[in-house]
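This report refers to the structure that appears directly beneath it.
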Amino acid sequence: MAVDTRSSGVPALDALLGGGLPRGECTELVAAGDGSGSAQVIHAVLRQVAADGQFLALVDGADSFDAAAVEPDVLSRLLWVRCNEAATAFQATDLLLRDRNFPLVVLDLKLNPAAQLRKISGSVWHRYGRLIEQHHTTVLVVTPFQFVSGAACRVRVENRLSLDALSQSPSSLLARLQFTLLRSAAGAGEERPAQAG
């Protein structure tokens, strides 16, 4: 059975996921360490949503989103929820998943300390899963390690971008990103690498 997807704006990621982020499901992007490329993925998702004329809610778990890196017309399609700790980010995400106005919600936990994340009850994913399915919301959770139980898809971004990457165009940066599929909506369990280009 074909999975209904929405483009992430990252061609290599969309190809790996069979067309894009699955609608009505949660996708986990595991991005360990500095310079992994997760910020570039979030920017690409935002640009894609804006190009589609829709809105994106970004729950920023450690108040780390760089708004200056994205064009003003793209930012006009963004609801940016700035949080300083994981617990607050989860509360905000819970509220947004109950709202039918956001077809795509990104929860960025990449820079939240492991100690904060370990305090989050595992039952939160079950509750989120029911809300996601009910409202057919697409959810992307960015994490520093595998954390989301019940994620339909789990992908690891494999990069170590250096400071010279800041001088490159967004499309050039996206072309450098490498991903490994850890879990797919179709239930594949084997790791499968993909590289942009």
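The values are calculated or read from the model by the stated rules, or taken from the named source; none is laboratory data. This one's a predicted model, so the numbers in the text were calculated from it and none came from an experiment. Methodologically, a virtual Cβ is constructed for each residue, glycine included, from the backbone with ideal geometry; neighbour enumeration extends over all protein chains shown. For accessibility, only protein heavy atoms count, side chains too; no ligands or nucleic acids. Shrake-Rupley method; radii C 1.70, N 1.55, O 1.52, S 1.80 Å.
Tell me the carbon and sulfur percent of the accessible area for segment 1-47, rounded to whole percent, probe radius 1.4 Å.
That fraction is 54 percent.
May I ask for the net charge around Q54, where only other residues with Cβ less than 14 Å from the Cβ of Q54 are counted and Lys, Arg are +1 while Asp, Glu are -1?
Spelling it out: positives minus negatives among the neighbours equals +2.
So I have [x] 38; [y] 9; [z] 20, and one of them is percent of Cα pairs over 31 Å apart calculated from this model. Which one is it?
[y]
Sort out for me the Cα centre separation of segment 39-102 from segment 116-146, rounded to whole Å.
15
Counting only GluC sites (Glu not before Pro) that are in a DSSP loop and have at most 13 other C-beta atoms within 10 Å, tell me the longest site-free stretch of the chain.
Longest site-free region, per DSSP loop and neighbour criteria: 1-189.
Within segment 1-141, what percent of beta bridges assigned by DSSP are antiparallel, to the nearest 5?
Bridges in segment 1-141 are about 10 percent antiparallel.
With the other protein chains left in place, how much accessible area per residue, in square angstrom, belongs to segment 69-169 at a 1.4 angstrom probe?
52
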